[in-house]
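Input: a single structure, listed below in structure tokens.
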Amino acid sequence: MSDSTVILNARLPQNSLQYSVESDSAAGSGLYQITVEGSLVKAIKPMETAQIAASSELDVDGDWISMGAVDLQINGALGLAFPDLRQAHFEKLEAICELLWQQGVDGFCPTLVTTSLENFRGSLAAIRQFQDRVQSDQRPDCAKILGVHLEGPFLNPAKRGAHPQAFLQPLTLENVKTLIGDFAETVRIVTLAPELEAQAEVIEWLGDRHITVSLGHSFATAEQASQAFDRGATMVTHAFNAMPGLHHREPGLLGTALSHPDVFCGFIADGQHICPTMLDLLIRSGRGSLDAPMGNLFLVSDALSPLGLPDGLYPWDARQIEVAKGTARLADGTLSGTTLPLITGAVNLVKWGLCSGGEAIALVTHLPRQAIGLSGLTVGSPAQLLRWHQDSSTKQLTWQRLSLK
């Protein structure tokens, strides 16, 4: 077997039973052999049944192997806010793709927060052009754009957070069509507040175009949320933030989502957007069956344009944000996002003792892919792999890109 590498004694992150493993059951030892040929994963087998036949071997001694991370909510980086993106910024966008790759991210959804219709459509046009003309020729060591996340403008004004009220729009099918226009293939996710809609037609229209509908910045009741999920919404944007908290007589949007088997909840783990106690509650309630130990949760960075830059004051639309220790706030103290890399959230969860290393890895790699209908590590996957190690004494989780050259 030429140009092949066998990775020995690898652990797979939680949800490993959903991986394509050539066996009727998971490995008794919990360790696997992963065969890579060229740029693709060719086989994943339990070590107990594996036969080694390769030109090279790599024994990872029980470390985890995963695909790279996926960030479904990232607002910018290196000083560029994605709503301001135009063709003139393609060089900066390429640098952002390189930065994210260096931070362990394979794919991301540039997130456009509420802005003018002109800015929305200008950025959508630029991203479509970048995907068509630039991304197809990019080096393999760059994160890829998976489609745009429109976080607005169809948000509840009472839960708008840092979104400018002047650009919020009523949730009508006409307004949605005007915004998206002929960019349906460019848009991957739309965050909206379902209680704003009177005619109950937007979610179906978006679903027919394979656009994931995420509920957020919302005051939806449990009944309104349940109706939206029944109509095709499958995601919640930054759980706990910009929505009512859990209540024992009114579970609301979040409680309804956490109890729904087909709804994914994104969340931020910077220690500011959700305190560790509530993160613990979220993770405990989000744990699913043995086949899906982390249920339908996934991590997002919610990173703003100063990602990759030092703390300080930065412009944000017509306002300023102050970044301190990776958390961004408006002048009035309103949380507006983070500047922490996505994988830092996974490392935090392990450091705070809220989940295992395998669970944390799944939250940034496997589960966000599931949330938008992509497959995880399987036979035929690109061999763009991360190796994760947890120190036996400190329990610190670290990672590196796996070089098989």
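Quick notes on this one:
- Of all the numbered requirements in (1) without any contact (Cβ under 8 Å) to a residue 60 or more places away in the chain; (2) surrounded by fewer than 24 Cβ atoms within 10 Å (Cβ to Cβ); (3) out of contact with any Lys or Arg (no Cβ under 7 Å at 6 or more places or on another chain), T191 misses one, and that requirement is (2).
- A single entry from G107, G147 fulfils the requirement of being under 20 Å from G181 (Cα atoms) and in the same structural domain as F183 (by TED's automatic domain parsing): G147.
- The range 136-158, subset without any contact (Cβ under 8 Å) to a residue 24 or more places away in the chain and touching a helix residue (DSSP H, G or I) at 6+ places or on another chain (Cβ under 9 Å), residue farthest from L93 (Cα to Cα): P157
- Filter result for L363 (at pLDDT 95 or above and farther than 19 Å from W101 by Cβ): yes
- When the strands (runs of 3 or more DSSP E) confined to the range 306-398 are screened for residues that are at positive phi, surrounded by 14 or more Cβ atoms within 10 Å (Cβ to Cβ) and of a type outside the set (G, A, S), none reaches at least 2 such residues.
- Subset of the range 90-110 [more than 18 Å from H366 (Cα to Cα) and either crowded, with 20+ Cβ neighbours inside 10 Å or aromatic (F, W, Y) (or both)]: F90, L93, I96, C97, P110
- In the condition set (1) buried (at least 24 other Cβ atoms within 10 Å of the Cβ); (2) among the small types (G, A, S); (3) in contact (Cβ under 8 Å) with a residue 40 or more places away in the chain, G181 is compliant with all but (1).
- Residues located in the range 221-255, provided they are over 21 Å from the mean Cα position of the chain (by Cα) and β-branched (V, I, T): T221
- Test: residue in the range 101-112 that is in a loop (DSSP other than H, G, I, E, B) and either under 22 Å from the mean Cα position of the chain (by Cα) or of a type in the set (V, I, T) (or both): yes
- Inside the range 166-211, residues that are in contact with a Ser or Thr (Cβ under 6 Å, 6 or more places away or on another chain) and of a type in the set (V, I, T) make up a count of 2.
- Number of the exception - Q165 against (1) crowded, with 17+ Cβ neighbours inside 10 Å; (2) more than 24 Å from the chain's Cα centre (by Cα); (3) under 25 Å from I268 (Cα atoms): (1)
- Number of positions in the range 105-135 that are in contact (Cβ under 8 Å) with a residue 40 or more places away in the chain and of a type in the set (D, E, K, R): 3
- Considered as a group, the residues in the range 223-268 that are outside any loop (DSSP other than H, G, I, E, B) and free of Cβ contacts under 8 Å to residues at least 24 places away in the same chain include one that is farthest from R329 (Cα to Cα), and that residue is D230.
- Residue identified as surrounded by fewer than 19 Cβ atoms within 10 Å (Cβ to Cβ), assigned by TED's automatic domain parsing to the domain that holds A125 and of a type in the set (A, V, I, L, M) among L246, L171: L246
- Of residues in the range 120-129 being out of contact with any strand residue (DSSP E or B) (no Cβ under 7 Å at 6 or more places or on another chain) and either surrounded by 20 or more Cβ atoms within 10 Å (Cβ to Cβ) or hydrophobic (A, V, I, L, M, F, W, C) (or both), the one nearest to I180 (Cα to Cα): A125
- Counting the residues of the range 55-69 that are surrounded by fewer than 16 Cβ atoms within 10 Å (Cβ to Cβ) and either free of Cβ contacts under 8 Å to residues at least 40 places away in the same chain or not in a strand (DSSP E or B) (or both) gives 3.
- In the set (1) of a type outside the set (S, T, Y); (2) surrounded by fewer than 17 Cβ atoms within 10 Å (Cβ to Cβ); (3) at pLDDT 95 or above, the condition left unmet by L72 is number (2).
- Those residues of the range 324-339 which are of a type in the set (A, V, I, L, M, F, W, C) and farther than 23 Å from Q165 by Cβ, in sequence order: A324
The values are calculated or read from the model by the stated rules, or taken from the named source; none is laboratory data. Everything quoted here is computed from the prediction, not taken from an experiment. When we count neighbours, we look across all protein chains shown, and the Cβ atoms used for this are built from the backbone with ideal geometry, even at glycine.
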